[in-house]
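Below is one structure, written out as C-alpha cells; the observations come after it.
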Amino acid sequence: MLLETPICDFGWKAPDFTLKDPDGHAFTLSQNLGDKGLLVMFICNHCPYVQALASRLAADTQTLLDEGTRVVAVMSNDYRLVPSDSPENMRRFAARNGFAFPYLVDEDQAVGRAFGAVCTPEFFGFNKVGELQYRGRLDDLRMGSAGQRNPELLDAMRQIALTGKGPEQQVASMGCSIKWR
C-alpha cells in the first residue's frame with residue numbers, strides 16, 4: 001500500500017535508541033549526532049520504492065558522509081512476516097547497493113514506532129543538537145524515471161549542516177507501509 005509521510009515537525013527531538021546491524025555492531029543515536037547533523041532513514045530490502053532509488057541513495061549518502069554528516073538506516077519491518085527483510089538479506093542488500101552507512105535491525109519495532117515512521121523509504125534529518133529539520137523525500141524523480149533530478153534530501157542535509165535549519169518547503173516521502181506486527 002502506497003503511503004505518504006506527515007510534514008516535518010520542526011524541532012522534534014527523537015528519543016535515544018541503540019540498535020545493532022546484522023553483524024551485531026551497535027549504533028546509539030545520541031553518540032552519533034555529529035557537528036553536521038544526522039540522517040536517520042527507514043528503509044527495507046523488499047520495497048520497490050527503496051529498490052528503485054537505492055543507487056541514488058548510496059551516492060547521496062556517501063556525499064553526506066564525505067562532508068561530515070552522519071547517516072544511518074533502520075529496518076523496522078517484521079522480517080518474520082517478510083523474510084526478504086531478514087538481517088542476512090539486509091547484509092546482502094547493503095553490500096549489493098554499496099551502502100556505506102550502518103543498516104540497523106529494529107527487532108521489536110520500537111524505534112519505528114517512536115519516530116512515527118510510516119513507510120519505506122522515509123527520511124528524518126536532524127541538526128547537531130538532535131532537532132528534526134527535514135522529513136521529506138530523496139529527490140523529485142518518480143518511480144522508474146531517469147534523468148535530471150533535484151536532490152532534495154542532499155540539499156536539505158547540507159543546509160542543516162551549514163545553518164542548523166532545514167528548508168521550509170518539503171515534499172513528503174512516499175513508499176510502502178512498514179510491516180507492523
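The values are calculated or read from the model by the stated rules, or taken from the named source; none is laboratory data. These figures come from a predicted structure and were not determined experimentally. Cβ sites come from the backbone with ideal geometry, for glycine too, and all protein chains shown count toward neighbours. Areas reflect the complete protein model, heavy atoms only, side chains present, ligands, DNA and RNA absent. Shrake-Rupley method; radii C 1.70, N 1.55, O 1.52, S 1.80 Å.
Structure summary
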{"read-out": "Within segment 138-154, considering residues that are farther than 15 Å from VAL71 by Cβ and in contact (Cβ under 8 Å) with a residue 12 or more places away in the chain, the one least open to solvent (accessible area, probe 1.4 Å)", "value": "ASP139"}
{"read-out": "Residues located in segment 166-181, provided they are exposed (fewer than 15 other Cβ atoms within 10 Å of the Cβ) and touching a residue at least 40 places away in the same chain (Cβ under 8 Å)", "value": "SER177, TRP180, ARG181"}
{"read-out": "GLU122 open to solvent by less than 10 Å² (accessible area, probe 1.4 Å), under 16 Å from PHE42 (Cβ atoms) and among the acidic types (Asp, Glu)", "value": "yes"}
{"read-out": "All positions within segment 142-160 that are modelled with pLDDT of 90 or more and more than 18 Å from ASP9 (Cα to Cα)", "value": "ARG149, ASN150, PRO151, LEU154, ASP155, ARG158"}
{"read-out": "Filtered residues of segment 1-29 (kept if of a type outside the set (Phe, Trp, Tyr), at pLDDT 95 or above and touching a Ser or Thr at 6+ places or on another chain (Cβ under 9 Å))", "value": "ASP16, THR18, LEU19, PRO22, ALA26, THR28, LEU29"}
{"read-out": "Among (1) modelled with pLDDT of 95 or more; (2) touching a strand residue (DSSP E or B) at 6+ places or on another chain (Cβ under 9 Å), the one test that GLY34 misses", "value": "(1)"}
{"read-out": "Some residue of segment 158-181 being farther than 22 Å from HIS46 by Cα and under 12 Å from the mean Cα position of the chain (by Cα)", "value": "no"}
{"read-out": "Count of segment 1-36 residues which are part of a loop (DSSP other than H, G, I, E, B) and either among the aromatic types (Phe, Trp, Tyr) or open to solvent by less than 80 Å² (accessible area, probe 1.4 Å) (or both)", "value": "15"}
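Listed here are the residues, each with its yes/no results for (1) open to solvent by 20 Å² or more (accessible area, probe 1.4 Å); (2) assigned to a loop (DSSP other than H, G, I, E, B).
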| site | (1), (2) |
| --- | --- |
| ASN89 | yes, no |
| VAL111 | no, no |
| GLY136 | no, yes |
| ALA156 | no, no |
